[in-house]
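Enquirer: Before I ask anything, here is the structure I am working with.
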Amino acid sequence: MTVSQAPALHDQRRETLVARTVLVPRIQPPRLGTSLGIGIGTLASLAPGLLPRSVGTQIALTGLLAALALGVAGILRALVRQPGLLGTRQQTRARMPVAVVMAVLVVGAVAHAHHWQNTLRAAMGAPRIAVDYWVRCGLGAAVVVGVCLGITHTIAWLLRTLGFTRAASVGIVLVLVLQFVGVPAVVTWGESVYARANAAVDPTVVEPMSGSGGPGSVVSWASLGAHGRTFVSSAPERAVAVYIGVTAAPDLHSRVALAIQELVRSGGFERSHLVVVVPTGSGWIDPKAVEGFDRRFDGDVALVGLQYSYLPSWASFAFGRNEAAIAARSLFTAVEDHLEGLAHKPKLYLYGQSLGALSGSAVFADDADQDRRTCATLWAGPPGGRVHRGGATVLANSSDPVIWWSPSLLWRPPDLTAARIDAPIPRWLPGISFLQASADLLAALDTPRGHGHRYDADQGTRMGSC
């Protein structure tokens, strides 16, 4: 090769290298914020929970937490770019090691979550999960993250287009709309759901020959609502079942008066045992509890329930907890007052499940008041365990997310002293345990008997004595 040929050969090699670079682009690892955000969000979603988790629940939890962590990472990325902090070159060099570390951690967390889920399922008699469970979870979570990112980018585009002042004005308007329109919309939605439930007649629910809604009753069959009709029709024939729906009268005072009239008419005050039942938010009373009370008192029992809302329990818990307590207190006090004038006084009991347990406990000022005014009380699955205990029987499964769930779970472990250990208990983690318990609420009733929020006939048979 001559000296004149050297520059030409050098240019040829350079052109070949450029062509290869264009044809085979170098794969860059994700940015630090992306790796950390997706990794940390995924790790938080895979922490041990209380219940066997469906694919859909795991997808939602992983996708939302990963998207949230990405948002936080974006804020931190803007701070890191400030002068004096980690430089751009250092960030670039750290990308690959961080991505590898997070990938290894996520793989390890998936393996641990797989083992934990199957351990829970073995304890509860549920089917085991296989590898395809995690494949579906991964694909679904990726879709959720993509949707969240799309929404975030749209909001960012609006901020750039409208400017900060206009965007802030729009935000204030949205907050006002949510406050004055959103909450009433939830109530209206609840009314529509309740109306549809009343319109849909379950063919297995038959109007009773006696009891609430039957011939001679002071309330109509239609006014009981879906939950009330199920309650009175599923009650054993030898027990007295009284139920007053929220549409039976225009106000609480009138509904309480109807409950007393119905107890008198049906012979409820003539039984040896009278149980005031506080329903859940929507008015539901567990038929298994009714069955348990019938067995506990050998049929010599009357049960009375008063519906105070048509909203689901979570909505009543958020928007109508005070109304629920007032309704429970009004009915129990009216029953007490009527018993004072009777020569034959049945033994008085109080029972509530979930939100009904909180509302029932609100009847009393303290534990001593509870022991004085009732023969016995029973609380099943009280949210956060916040009930007057005293001599009460408290049914609480350690796997029930309802007894775990409380804002205080963010910074301290739950009080499980009254809980029955029915499954492995995950280690409490600040913040993470709150998120896990919140996700498990979705499946609290989708468990075998004796696990989660299912207490079945124990809600009646475990009632105490005077």
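Enquirer: Identify, please: which residue in segment 355-395 is within 19 Å of LEU442 (Cα to Cα) and open to solvent by 10 Å² or more (accessible area, probe 1.4 Å) and is, among those, farthest from the chain's Cα centre (by Cα)?
Expert: So the residue we want is GLY385.
Enquirer: Across segment 244-258, what is the number of residues that are in contact with a helix residue (DSSP H, G or I) (Cβ under 6 Å, 6 or more places away or on another chain) and either farther than 12 Å from LEU331 by Cα or small (Gly, Ala, Ser) (or both)?
Expert: The qualifying residues number 4.
Enquirer: When you scan segment 457-465, do you find a residue that is closer than 30 Å to ASP337 by Cα and out of contact with any Lys or Arg (no Cβ under 9 Å at 6 or more places or on another chain), even just one?
Expert: Going through segment 457-465, the residues closer than 30 Å to ASP337 by Cα turn out to be 457-465.
Next, from what is left, pick out any that are out of contact with any Lys or Arg (no Cβ under 9 Å at 6 or more places or on another chain): 464.
Yes, segment 457-465 has at least one match.
Enquirer: I'd like the full set of residues that are within 19 Å of SER438 (Cβ to Cβ), surrounded by fewer than 20 Cβ atoms within 10 Å (Cβ to Cβ) and of a type in the set (Val, Ile, Thr), limited to segment 59-75. Quick ask: steps written out before the conclusion?
Expert: Of the residues in segment 59-75, the ones within 19 Å of SER438 (Cβ to Cβ) are 59-69, 71-72.
Restricting the remaining residues to those that are surrounded by fewer than 20 Cβ atoms within 10 Å (Cβ to Cβ) gives 60, 64, 68, 71-72.
VAL72, the sole residue that qualifies.
Enquirer: If I filter segment 327-344 for residues that are modelled with pLDDT of 90 or more, closer than 30 Å to ALA439 by Cβ and open to solvent by less than 60 Å² (accessible area, probe 1.4 Å), do I get at least one hit?
Expert: Yes.
Enquirer: Now a separate question. Specify the residue that is surrounded by the most Cβ atoms within 10 Å (Cβ to Cβ); the eligible residues are those in segment 423-445 that are within 15 Å of the chain's Cα centre (by Cα) and assigned to a loop (DSSP other than H, G, I, E, B).
Expert: Step one: filter segment 423-445 for residues within 15 Å of the chain's Cα centre (by Cα), giving 433-445.
Checking the rest, the ones that are also assigned to a loop (DSSP other than H, G, I, E, B) come to 444-445.
Values: ALA444: 23, LEU445: 14.
Within segment 423-445, the match that is surrounded by the most Cβ atoms within 10 Å (Cβ to Cβ) is ALA444.
Enquirer: Something else about it: Could you tell me which of the residues PRO414, PRO448 is modelled with pLDDT of 90 or more, of a type outside the set (S, T, N, Q), open to solvent by 10 Å² or more (accessible area, probe 1.4 Å) and not in a helix (DSSP H, G or I)?
Expert: PRO414
Enquirer: Against the definition (in contact with a strand residue (DSSP E or B) (Cβ under 9 Å, 6 or more places away or on another chain) and crowded, with 24+ Cβ neighbours inside 10 Å), how does LEU303 come out, yes or no?
Expert: Numbers: in contact with a strand residue (DSSP E or B) (Cβ under 9 Å, 6 or more places away or on another chain): yes; crowded, with 24+ Cβ neighbours inside 10 Å: yes.
It is true that LEU303 is in contact with a strand residue (DSSP E or B) (Cβ under 9 Å, 6 or more places away or on another chain) and crowded, with 24+ Cβ neighbours inside 10 Å.
Enquirer: May I ask you to list the residues in segment 99-136 that are open to solvent by less than 60 Å² (accessible area, probe 1.4 Å), among the hydrophobic types (A, V, I, L, M, F, W, C) and under 21 Å from ASN397 (Cα atoms)?
Expert: Of everything in segment 99-136, those that are open to solvent by less than 60 Å² (accessible area, probe 1.4 Å), among the hydrophobic types (A, V, I, L, M, F, W, C) and under 21 Å from ASN397 (Cα atoms) turn out to be TRP116, LEU120, ALA123, MET124, ALA126.
Enquirer: Between a residue in segment 336-350 that is in contact (Cβ under 8 Å) with a residue 40 or more places away in the chain and any residue that is of a type in the set (Asp, Glu) and not in a loop (DSSP other than H, G, I, E, B), which pairs come within a Cβ distance under 7 Å, given they are 6 or more apart or on different chains?
Expert: Cβ pairs passing all conditions: HIS344/GLU270.
Enquirer: Here's a follow-up. Looking at ALA195, ALA200, can you tell me which residue is loosely packed, with under 12 Cβ neighbours inside 10 Å, at pLDDT below 80 and closer than 30 Å to GLN261 by Cα?
Expert: Details: ALA195 fails: loosely packed, with under 12 Cβ neighbours inside 10 Å.
From the options ALA195, ALA200, the qualifying one is ALA200.
Enquirer: If you don't mind, there's one more thing I want to ask. Could you look through segment 137-168, keep only residues that are open to solvent by less than 60 Å² (accessible area, probe 1.4 Å) and more than 24 Å from LEU46 (Cβ to Cβ), and pick out the one that is modelled with the highest pLDDT?
Expert: Restricting attention to segment 137-168, the residues satisfying the condition of being open to solvent by less than 60 Å² (accessible area, probe 1.4 Å) are 137-138, 140-141, 144-146, 148, 150, 156, 163, 167-168.
Among the residues that remain, those that are also more than 24 Å from LEU46 (Cβ to Cβ) are: 150, 156, 163, 167-168.
Numbers: GLY150: 86, ALA156: 73, GLY163: 68, ALA167: 63, ALA168: 67.
Of everything passing the filter in segment 137-168, GLY150 is modelled with the highest pLDDT.
Enquirer: Then there is this: I'm told GLY390 meets every condition in (1) touching a Leu at 6+ places or on another chain (Cβ under 8 Å); (2) without any contact (Cβ under 8 Å) to a residue 40 or more places away in the chain; (3) at positive phi except one. Can you identify the failing condition by its number?
Expert: For GLY390, the failing item is (1).
Enquirer: Restrict the check to segment 329-336 and report whether at least one residue is out of contact with any helix residue (DSSP H, G or I) (no Cβ under 7 Å at 6 or more places or on another chain), within 26 Å of VAL218 (Cβ to Cβ) and assigned to a strand (DSSP E or B).
Expert: There is no residue in segment 329-336 that is out of contact with any helix residue (DSSP H, G or I) (no Cβ under 7 Å at 6 or more places or on another chain), within 26 Å of VAL218 (Cβ to Cβ) and assigned to a strand (DSSP E or B).
Enquirer: Would you check which residues across segment 223-248 are farther than 17 Å from ARG295 by Cα and either open to solvent by less than 10 Å² (accessible area, probe 1.4 Å) or of a type in the set (D, E, K, R) (or both) and list them?
Expert: Once the filter is applied, which keeps residues that are farther than 17 Å from ARG295 by Cα and either open to solvent by less than 10 Å² (accessible area, probe 1.4 Å) or of a type in the set (D, E, K, R) (or both), segment 223-248 yields LEU224, GLY225, GLY228, ARG229, VAL242, TYR243, ILE244, GLY245.
Enquirer: So, in segment 231-287, exactly how many residues are touching a strand residue (DSSP E or B) at 6+ places or on another chain (Cβ under 7 Å), without any contact (Cβ under 8 Å) to a residue 40 or more places away in the chain and not in a helix (DSSP H, G or I)?
Expert: 1
Enquirer: I'd like the residue in segment 398-411 that is of a type outside the set (Asp, Glu) and not in a helix (DSSP H, G or I) and, out of all such residues, is farthest from HIS451 (Cα to Cα). Spell out the reasoning first.
Expert: Here is the first cut: in segment 398-411, the residues of a type outside the set (Asp, Glu) are 398-399, 401-411.
Right, trim to not in a helix (DSSP H, G or I) and you get 398-399, 405-406, 411.
Working: SER398: 8, SER399: 6, TRP405: 16, SER406: 19, TRP411: 25 Å.
Here the answer is TRP411.
Enquirer: Are any residues in segment 337-372 part of a loop (DSSP other than H, G, I, E, B) and of a type in the set (S, T, N, Q), and if so, which ones? Please lay out each step first, then the result.
Expert: Here is the first cut: in segment 337-372, the residues part of a loop (DSSP other than H, G, I, E, B) are 341-346, 354, 362-366.
The one that is part of a loop (DSSP other than H, G, I, E, B) and of a type in the set (S, T, N, Q): SER354.
Enquirer: Assuming GLN459 fulfils every condition listed in (1) open to solvent by 20 Å² or more (accessible area, probe 1.4 Å); (2) within 25 Å of ASP371 (Cβ to Cβ); (3) touching a helix residue (DSSP H, G or I) at 6+ places or on another chain (Cβ under 8 Å) apart from one, which condition is it?
Expert: Result: GLN459 fails condition (1) only.
The values are calculated or read from the model by the stated rules, or taken from the named source; none is laboratory data. Everything quoted here is computed from the prediction, not taken from an experiment. Every residue, glycine among them, receives a Cβ derived from its backbone with ideal geometry; neighbour counts consider all protein chains shown. To get the accessible areas, we keep the full protein, side chains included, count just its heavy atoms, and leave off ligands, DNA and RNA. Shrake-Rupley method; radii C 1.70, N 1.55, O 1.52, S 1.80 Å.
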